[in-house]
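Enquirer: Below: one structure in structure tokens.
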Amino acid sequence: MASNPFQRQLKSILDGFRQEPPSRTPSLVATLFGDVVESHDREIWLGSITALLEPLGVNERLVRTAVYRLAKDDFVESTKIGRRSYYRLTDSAREKVGAYDQLIYYPSDKQWDGDWILVFTGTHGINTKQRAKLRKELSWLGYGIIAPNVYGHPTAPITQTQAILAKVGVTNQVVVLRASNYDPMYGLGTKGMVRQCFKLGELEKQYSTFIRHYRSLARAMQNARHVEQEKPEHCFMLRIMLIHHYRRILLKDPKLPGELLPDNWLGKQAQDLCAAIYRPLEAISEQHILAHCENQVGPFRQTSPRFSQRFAAWG
């Protein structure tokens with residue numbers, strides 16, 4: 001596998017990937033649903049998941065355990081026909097996956113008006129379980145902790161915020177306000193507050209590691225002939241590892257508007273790098289997907305047209 005720079009990089013990345021603990025397998029399977037299954041009729045046979053992931057060192061037992069955990073978390077649901085089980089995302093999971101699909105594959109077009117959404121949770125009326133659930137859900141939406149019992153975000157969608165409050169059952173126990181920065185000349189200033197409250201330093205370290213991990217691969221892929229002659233299986237393996245690693249960091253990213261981010265933000269560099277690698281791999285890796293995947297109807301069909309513009313803006 002290591003006769004040219006592309007194959008050497010594949011081997012290096014694969015060797016590192018195979019050392020990851022089995023506890024990360026559910027995250028890998030979730031990536032597979034978002035990157036592959038949703039764009040091919042939204043359903044996949046359990047045996048097809050195993051066929052795709054075995055070359056990465058994920059055996060059938062690990063796949064079954066991962067799918068079982070995802071089902072318990074209301075991320076996937078199944079249909080059993082004879083001895084075969086077919087899986088698809090739940091409606092709630094599809095909503096979240098769709099949101100991250102936009103973040104991963106498309107450039108952000110968020111415009112910031114200078115205001116903030118603040119959520120005051122107070123100290124009474126919310127039990128410990130609700131408070132933990134609220135923190136998890138608001139963090140997923142990108143909210144940072146501005147002060148004790150105060151969450152804030154500059155561009156979080158208010159409808160999703162309200163849906164979270166209703167889901168947790170605390171709509172009448174919290175206060176949601178829109179606020180403006182009264183005077184940026186005093187205190188930390190907006191960017192200083194953002195760096196502190198959203199832990200951007202930790203996020204930058206993770207983006208930096210991602211860039212170091214995949215930069216050599218991007219260089220090796222500059223020779224298009226090496227990629228075009230590569231096996232579809234190898235292109236798929238790189239594609240899914242790439243999105244898996246990038247998605248894991250993005251889940252922790254508060255998705256802030258560019259005006260509030262540090263200069264030369266590494267998150268933008270990581271997305272550019274991800275696009276540069278993904279686009280040449282996509283068409284070749286699709287050959288492997290179509291050859292090994294099926295659902296209740298039969299073999300996977302071509303990618304749904306609405307997924308054909310992934311990373312197109314980097315063309």
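Just so it is clear, none of the values below were taken in a lab; they were calculated from the coordinates. Note that this is a predicted model, so its numbers are computed, not measured. Ideal geometry is used to build each Cβ from the backbone, glycine not excepted, and the neighbour counts take in all protein chains shown.
Enquirer: P(r) for segment 115-180, please, calculated from all Cα pair distances in 10 Å bins and given in %.
Expert: 22, 64, 14, 0
Enquirer: Please go through segment 73-147 and write out the chymotrypsin sites (Phe, Trp or Tyr not before Pro) that DSSP classes as loop and that have at most 12 other C-beta atoms within 10 Å.
Expert: none
Enquirer: Any idea what angle helix 158-168 forms with the longest principal axis of the chain, computed on alpha-carbon atoms, 0 to 90 degrees, nearest 10?
Expert: 90 degrees
Enquirer: Per 0.36 nm of contour for each residue apart, how much would the distance between THR65 and GLN162 grow if the chain were fully extended, relative to their Cα-Cα spacing?
Expert: So the chain would gain 31.5 nm between THR65 and GLN162.
Enquirer: Quick one: helix 5-17 against the long Cα principal axis of the chain, what's the angle to the nearest 10°, folded into 0 to 90?
Expert: Orientation of helix 5-17: about 60 degrees from the principal axis.
Enquirer: Additional query: Ordered by packing density, taken as the mean number of other Cβ atoms within 10 Å over each peptide's residues, highest first, how do 227-236, 32-41, 255-264 rank?
Expert: Ranked from most to least packed, the peptides come out as 32-41, 227-236, 255-264.
Enquirer: To continue, here is another question. When we measure straight from the Cα of LYS191, which lysines land under 16 angstrom away, once same-chain ones fewer than 8 places off are left out?
Expert: LYS199, LYS255
Enquirer: Here is a further query. Starting from the Cα-Cα distance between ARG8 and THR90, subtract it from 0.36 nm times their residue separation and give me the gain in nm to one decimal.
Expert: Full extension of this stretch gives 25.7 nm more.
Enquirer: Of the listed peptides 76-85, 275-284, 216-225, 192-201, what is their order by residue-averaged count of other C-beta atoms within 10 Å, with the highest listed first?
Expert: Descending mean neighbour count gives 275-284, 192-201, 216-225, 76-85.
Enquirer: Using a Förster distance of 25 Å, how high is the FRET efficiency between SER139 and ASP73, based on the Cβ-Cβ distance and rounded to 0.05?
Expert: So, using R0 = 25 Å, E works out to roughly 0.95.
Enquirer: Right, here's the next one. Can you tell me the orientation of helix 266-292 relative to the chain, as the angle in degrees between its alpha-carbon axis and the longest Cα principal axis, to the nearest 10?
Expert: 40 degrees
Enquirer: Under the 0.36 nm per residue contour assumption, what length would be gained going from the current alpha-carbon distance of LYS268 and GLU204 to full extension?
Expert: Length difference between fully extended and current span is 22.0 nm.
Enquirer: Also: Taking the simple approach of a point 7 Å from Cα along Cα-to-Cβ for both THR128 and GLN287, what is their distance in nm?
Expert: 5.7 nm
Enquirer: Let me ask something else about it. What is the Cα centroid distance between segment 216-235 and segment 97-161, reported in whole angstrom?
Expert: 39 Å
Enquirer: Residue by residue, what Karplus-based ³J(HN,Hα) values in Hz, rounded to whole numbers, does segment 19-34 have, using 6.51, -1.76 and 1.60 with θ = phi - 60° and x for Gly and Pro?
Expert: 8, 5, x, x, 4, 8, 4, x, 5, 5, 5, 4, 4, 4, 5, x
Enquirer: How are the Cα pair distances of the chain distributed, in percent, across 10 Å bins from 0?
Expert: All Cα pairs considered, the percentages come to 5, 24, 31, 24, 13, 3, 0.
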